[in-house]
Every structure is written in structure tokens, then in C-alpha cells.
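Let me begin by presenting the structure, written as C-alpha cells, before commenting on it.
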């Protein structure tokens, strides 16, 4: 764990309200460089809502959220630039090929696109690089979404049920990607029901008494 007490992501006394309901409150969390923080909890406990708060897409009802000691609200654009958020939906345009998707995503993130081929290969998609997204299976679409993590690197990965639709080899590919990201000092926060990332992960259970 990083010895810098301000390094990485830190939330204090976070609360979230949606639809007039308090989803969670008085929630503290910390994820330092190299950490994997796994979010657990029953459906409706607030895992997806917490990820949206961490991504800056949903303002917390209370509490503070910092990156390296600086409030993310002070510079939302900088926070968006430092994170990659893989949500439930794969968000693939049906007419674009996989390679076109990843090149577009890389350009949108200010990346050169030189990592696209390696990203496709890491998730077993190299042979499908020129295939339009409308012809992909659910698992292939999920792998294509995850390949964005490698096509345009970012220090903070936020993953919402990333293993949905994946077979065992694809879960292993994700685990390898997460391990490499952590070894390079990256931070991962993931809501998942599967054990895909090894025993060194820390767990935050939402909705616990």
C-alpha cells in the first residue's frame, strides 16, 4: 500500500439519495495505488450508485471525495480524464467495427491508438477487429467494452459487474489485465459477484448492518 496518506481515491462520510430514497450514508472508503476494492452487497444496496458517485456522474448527497488529496469537484474534467468507467451497458454502435470503436474511444480520451491492437489481443478479439458490433455475441460485446481499458489507459478503473456475459477464459483475461494495472500503480474499484482478481483484493460491503 502506498505510504502517502493522500494518494489515490478517498471518500469520507459519503451519502447517496436516488428517487427520494437514501441508498447509502456515512460511507468511508479508500483505494490507494495498486489497490483493488471490491464492492459487495445485495441488489439495491447501492453498488452501481456508488460507482457513479466515484465517477463524478452523480453528486453525493453528503460527504467528500478526493483524488490525491484534491476534491474531485474542484476539477471534474481532470477527474473524468483519469478514470475509465465500464458500466452495465456495453455502448457499442452496431455499424462500427471493433477496431473502429477502440480507435474512436482512444481518440476521445486523447490517446494515440497505438494500444488498440494489443487491447484486442488481450481479450481474444484480434480476429474480430474488422467485425461490426451488430454481429457480436453478448460475451464478445462485453470483452470489447473491457478492451477500452487497455486502448486508452487511465489510472482509475471503475467496473460495474465486469464479468457479466464472460466465459472462464475471458474472466481470466480480465484478471490478468487487472493484475497488470495494479502492478503499475493503478487503482481498481469493482462491483462484482465473482472472484476474479485474487486474494489481495479488499472488500467493501454495502448495506451491511
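Just a few scattered comments:
- Pick from the range 5-43, criterion without any contact (Cβ under 8 Å) to a residue 40 or more places away in the chain and part of a loop (DSSP other than H, G, I, E, B), ranking: nearest to residue 179 (Cα to Cα): 5
- Meets criteria (without any contact (Cβ under 8 Å) to a residue 24 or more places away in the chain, surrounded by fewer than 16 Cβ atoms within 10 Å (Cβ to Cβ) and either on the phi > 0 side of the Ramachandran plot or more than 15 Å from the chain's Cα centre (by Cα) (or both)) for residue 126: yes
- From the options 92, 65, 120, residue that is under 18 Å from the mean Cα position of the chain (by Cα) and either on the phi > 0 side of the Ramachandran plot or modelled with pLDDT under 95 (or both): 92
- Inspection of the range 152-175 identifies at least one residue that is within 14 Å of the chain's Cα centre (by Cα), on the phi < 0 side of the Ramachandran plot, surrounded by fewer than 19 Cβ atoms within 10 Å (Cβ to Cβ) and not in a loop (DSSP other than H, G, I, E, B).
- Of residues in the range 129-145 being over 28 Å from residue 56 (Cα atoms) and touching a strand residue (DSSP E or B) at 6+ places or on another chain (Cβ under 7 Å), the one surrounded by the fewest Cβ atoms within 10 Å (Cβ to Cβ): 130
- Flag for residue 148 being touching a residue at least 60 places away in the same chain (Cβ under 8 Å), at negative phi, crowded, with 19+ Cβ neighbours inside 10 Å and part of a helix (DSSP H, G or I): yes
- Options 51, 39; residue that is at pLDDT 95 or above, touching a strand residue (DSSP E or B) at 6+ places or on another chain (Cβ under 8 Å) and under 23 Å from residue 154 (Cβ atoms): 51
- For the range 54-106, a residue qualifies if it is in contact with a strand residue (DSSP E or B) (Cβ under 7 Å, 6 or more places away or on another chain) and part of a helix (DSSP H, G or I), and the qualifying residues are 54, 72, 79, 82.
- Residue 182 falls short on exactly one of the conditions (1) surrounded by 16 or more Cβ atoms within 10 Å (Cβ to Cβ); (2) in contact (Cβ under 8 Å) with a residue 40 or more places away in the chain; (3) closer than 18 Å to residue 87 by Cα, and that condition is (3).
The values are calculated or read from the model by the stated rules, or taken from the named source; none is laboratory data. Bear in mind that the values here come from a model prediction, so they are computed numbers and not experimental data. Positions of Cβ are generated from backbone atoms using ideal geometry, with glycine treated the same way; all protein chains shown enter the neighbour counts.
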